[in-house]
Every structure is written in C-alpha cells, then in structure tokens.
1. Could you tell me which residue of the range 212-259 is modelled with the lowest pLDDT, considering only residues that are within 27 Å of R187 (Cβ to Cβ) and among the charged types (D, E, K, R)?
2. I'm checking my understanding of the structure. Among residues of the range 113-128 that are free of Cβ contacts under 8 Å to residues at least 12 places away in the same chain and of a type in the set (K, R), which one is nearest to the ligand (Cβ to nearest atom)?
3. Look at the range 66-107 and say how many of its residues are more than 30 Å from R187 (Cβ to Cβ) and exposed (fewer than 14 other Cβ atoms within 10 Å of the Cβ).
4. Can you find a residue that is of a type in the set (S, T, Y), part of a helix (DSSP H, G or I) and over 13 Å from the mean Cα position of the chain (by Cα) anywhere in the range 180-194?
5. State all residues of the range 139-155 that are surrounded by fewer than 18 Cβ atoms within 10 Å (Cβ to Cβ), of a type outside the set (A, V, I, L, M) and either over 20 Å from L240 (Cβ atoms) or near the ligand (Cβ under 9 Å from one of its atoms) (or both); if no residue qualifies, say none.
6. Residues of the range 222-254 being within 16 Å of the ligand (Cβ to nearest atom), in contact (Cβ under 8 Å) with a residue 12 or more places away in the chain and of a type in the set (V, I, T), which ones?
7. Consider G159 against the criteria (1) in contact with a Ser or Thr (Cβ under 9 Å, 6 or more places away or on another chain); (2) buried (at least 21 other Cβ atoms within 10 Å of the Cβ): it satisfies all of them except one. Which criterion is unmet?
Amino acid sequence: MEVVACTSVLGPGWEHAGVVTTTHARRDDLVPTGAVGRRGRPIWRRPWIFPLMVLTIGFVVYTVPPYLTLDPSRARLAPLPDNPVFFPLLVTHIFLGSIVLLTGCVQLWPWLRRTHRGAHRWSGRIYVAALLPAAVAVIIIAPLTRFGPNQQVANTTLGVLWLIFTILGYRAGRQRRFADHREWMIRSVALSFSIVANRVWTMICLVAFAPTALSGGPVDEAELAQAVGVASWVSWVVNLLIAEGWLVHTRRRRSRPVRSHRSRLSADAGS
Ligand code: HEM
C-alpha cells in the first residue's frame with residue numbers, strides 16, 4: 001500500500017487526519033498539520049510576517065488615538081457628515097477594525113497556526129466577532145461620507161464583500177471545509193488590510209489628481225473627491241487581486257502530489 005501525505009491538496013500547514021491510499025484525499029477530511037506535529041519553514045523564510053505586524057501596530061497607534069476620547073471635534077475627518085449616527089458608528093468601526101487588524105496578523109502567522117491551534121482558533125473567533133459588527137457599521141456610514149458617489153460606492157461595496165467573505169469563511173471552518181475556509185479568510189484579510197493600503201493609495205492619488213491639497217494651495221473639491229474616490233477603489237481591488245493571484249498560485253502548487261518525508265519512509269519500510 002502506498003501511503004501519500006496530502007500536503008499537495010492544501011499545501012504546507014494541512015494534512016490528512018489518517019493514512020490514505022490514493023494520491024489525493026478529499027480535502028474536507030483534512031486537518032491542520034499542527035495536529036500531527038509537522039515542522040514548518042524557519043522564520044527567516046517567512047520574512048513578511050514581522051514587518052506586517054510592525055506596520056499594523058504602527059497604523060493602529062497612529063490612527064486610533066484621536067478617537068479614544070470619543071470627542072467628535074478631535075476626529076481627523078472634518079467636517080463630519082451632519083448625521084447623529086455617523087460618529088458613534090465611525091468610532092465603533094475604528095475600535096473593532098483595530099482588533100480585526102491585530103488578530104488578522106495573528107491569523108496569518110504560519111508558525112502560530114501550526115503549533116498553537118487553540119490560539120489560532122481563539123484569535124479567529126475574535127477576528128470574526130469584531131469584524132461582523134464593524135462591517136455592519138461601515139455599510140451604514142459609507143453612503144454618508146462627504147466625497148461623493150465614487151467614494152461612497154467603493155466603501156459600501158468593500159463593506160458588503162468584507163461581511164460576505166468573512167461569513168463564508170467562518171461557515172466553511174465550522175463545516176470543516178478547511179480548504180474553502182482558508183480561501184475565504186485570505187480574501188477577508190486582504191480586504192481588512194485594504195485600509196492600510198488606502199493610506200498609501202490616497203497619497204498617490206492626491207499627487208496624481210489633486211496636488212494642491214498636498215502643497216497647501218487652493219483645493220478644488222471635485223479634484224479632491226476624484227482622488228479620494230479612486231484611492232477608495234484601488235486600495236481594496238488591488239489587495240483582492242493580489243489575494244486571488246496568491247490563491248491561484250498556491251492551488252496549482254498544491255494540486256501537484258508531493259510525497260512527504262514521513263510517507264516516503266513509510267513507503268520504503270513497506271517495500
Ligand atoms: C475594510 C472595510 C472598511 C471600510 C469599508 C471602511 C470605511 C470607512 C469609511 C467610510 C470611513 C469614513 C471616511 C470618510 O468619512 O471620508 C472610514 C474612516 C476610518 N476608518 Fe475605516 N473602513 C474599513 C476598515 C477599517 C479598519 C480595519 C480600520 C482599522 C483601524 C479602519 C479605520 C478607520 C479610521 C481610523 C477612519 C477615520 C479616518 C482617519 O482618522 O484617518 N477602517 N472607514
């Protein structure tokens with residue numbers, strides 16, 4: 001009997017719970033490899049995780065403090081739309097969004113996912129529990145923002161997709177469809193981090209469409225709305241495209257049967 005590990009289906013991090021006799025097991029039968037003690041790649045071959053954490057913490061430390069006092073006059077967005085629900089919902093989504101970003105980093109950390117499955121599960125639950133109300137808050141406030149339909153439609157679409165992808169990912173995890181869970185959650189996290197990318201895109205779009213807003217000259221409101229609107233679209237669409245590219249790439253890699261060291265030993269012992 002040939003014993004083949006199923007890392008090919010889901011890739012590093014996931015493996016079949018038992019012995020399989022074909023080159024491909026049903027992916028729904030798979031469990032994370034942490035459960036069977038597989039060792040991961042060393043930290044220096046994952047060079048992105050710590051810069052991402054530092055960037056995220058820096059983003060939260062820079063953007064959140066003006067909202068901690070719950071004083072609308074300290075908000076960076078001035079003037080605030082004339083709507084009584086805007087500021088409470090803005091603050092709600094900022095606080096919960098910070099939790100989403102921090103737990104999103106934890107969820108992406110391959111070593112933690114593999115070696116501390118309890119921590120992965122708990123931080124995943126916190127990620128989902130914070131994201132769902134944050135997304136609902138965003139869907140309510142996005143149509144109220146002041147830069148016009150371009151920004152409003154971009155942010156509302158982002159909020160709706162953020163909510164849907166996360167629910168689909170959570171449901172797939174509960175149903176133990178781990179391959180689907182992984183894909184929806186990668187899309188969800190890509191959208192979460194679009195807020196960080198948005199800061200960079202906004203600067204680029206201001207330079208391109210409304211340079212006087214940066215140089216301190218007279219600001220044309222239409223140019224400003226154009227810059228903010230384009231940045232709102234680009235920041236999440238580009239992140240989602242990168243995530244889809246990564247999923248296609250890893251799906252192709254994972255569909256190649258790879259025999260693990262352990263299974264080769266078992267096969268050799270049996271021959
Ligand atoms: C991914 C879905 C998200 C959407 C659709 C979204 C949408 C929005 C909208 C519509 C505004 C008001 C913009 C305006 O009035 O011009 C806003 C502001 C803000 N959002 Fe989000 N947001 C999202 C995620 C996040 C996350 C994860 C954070 C993390 C902390 C965050 C932090 C902020 C902050 C700090 C502001 C106030 C602007 C500032 O002070 O720079 N957002 N967001």
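1. Step one: of the range 212-259, the residues within 27 Å of R187 (Cβ to Cβ) are 227-258.
From what's left, among the charged types (D, E, K, R): 244, 251-254, 256.
Numbers: E244: 97, R251: 88, R252: 81, R253: 75, R254: 72, R256: 69.
Looking at residues that are within 27 Å of R187 (Cβ to Cβ) and among the charged types (D, E, K, R), I get R256.
2. Within the range 113-128, the subset free of Cβ contacts under 8 Å to residues at least 12 places away in the same chain is 118, 121-122, 125.
Retained after the next criterion (residues that are of a type in the set (K, R)): 121, 125.
On the way: R121: 21, R125: 17 Å.
Checked the range 113-128; the qualifying residue nearest to the ligand (Cβ to nearest atom) is R125.
3. Matching residues across the range 66-107 total 11.
4. First pass over the range 180-194, keeping only residues of a type in the set (S, T, Y): 188, 192, 194.
Subset that is part of a helix (DSSP H, G or I): 188, 192, 194.
Checking the rest, the ones that are also over 13 Å from the mean Cα position of the chain (by Cα) come to none.
No; the residues of the range 180-194 include none that is of a type in the set (S, T, Y), part of a helix (DSSP H, G or I) and over 13 Å from the mean Cα position of the chain (by Cα).
5. Hits for the range 139-155 are P143, R146, G148, P149.
6. Of the residues in the range 222-254, the ones within 16 Å of the ligand (Cβ to nearest atom) are 222-243.
From what's left, in contact (Cβ under 8 Å) with a residue 12 or more places away in the chain: 223-236, 238-240, 242-243.
V228, V230, V234, V238, I242, listed by residue number.
7. Of (1) in contact with a Ser or Thr (Cβ under 9 Å, 6 or more places away or on another chain); (2) buried (at least 21 other Cβ atoms within 10 Å of the Cβ), only one is false for G159: (1).
Yes/no matrix, rows are residues, columns are (1) among the charged types (D, E, K, R); (2) free of Cβ contacts under 8 Å to residues at least 40 places away in the same chain; (3) more than 13 Å from the ligand (Cβ to nearest atom); (4) under 20 Å from T250 (Cβ atoms):
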residue: R177; (1), (2), (3), (4): yes, no, yes, yes
residue: I186; (1), (2), (3), (4): no, no, yes, yes
residue: L191; (1), (2), (3), (4): no, no, no, yes
residue: I195; (1), (2), (3), (4): no, no, no, no
residue: L206; (1), (2), (3), (4): no, yes, yes, no
residue: F209; (1), (2), (3), (4): no, yes, yes, no
residue: A213; (1), (2), (3), (4): no, yes, yes, no
residue: G217; (1), (2), (3), (4): no, yes, yes, no
residue: D220; (1), (2), (3), (4): yes, yes, yes, no
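The values are calculated or read from the model by the stated rules, or taken from the named source; none is laboratory data. These figures come from a predicted structure and were not determined experimentally. Neighbour counts run over all protein chains shown; Cβ positions are idealised from the backbone, glycine included.
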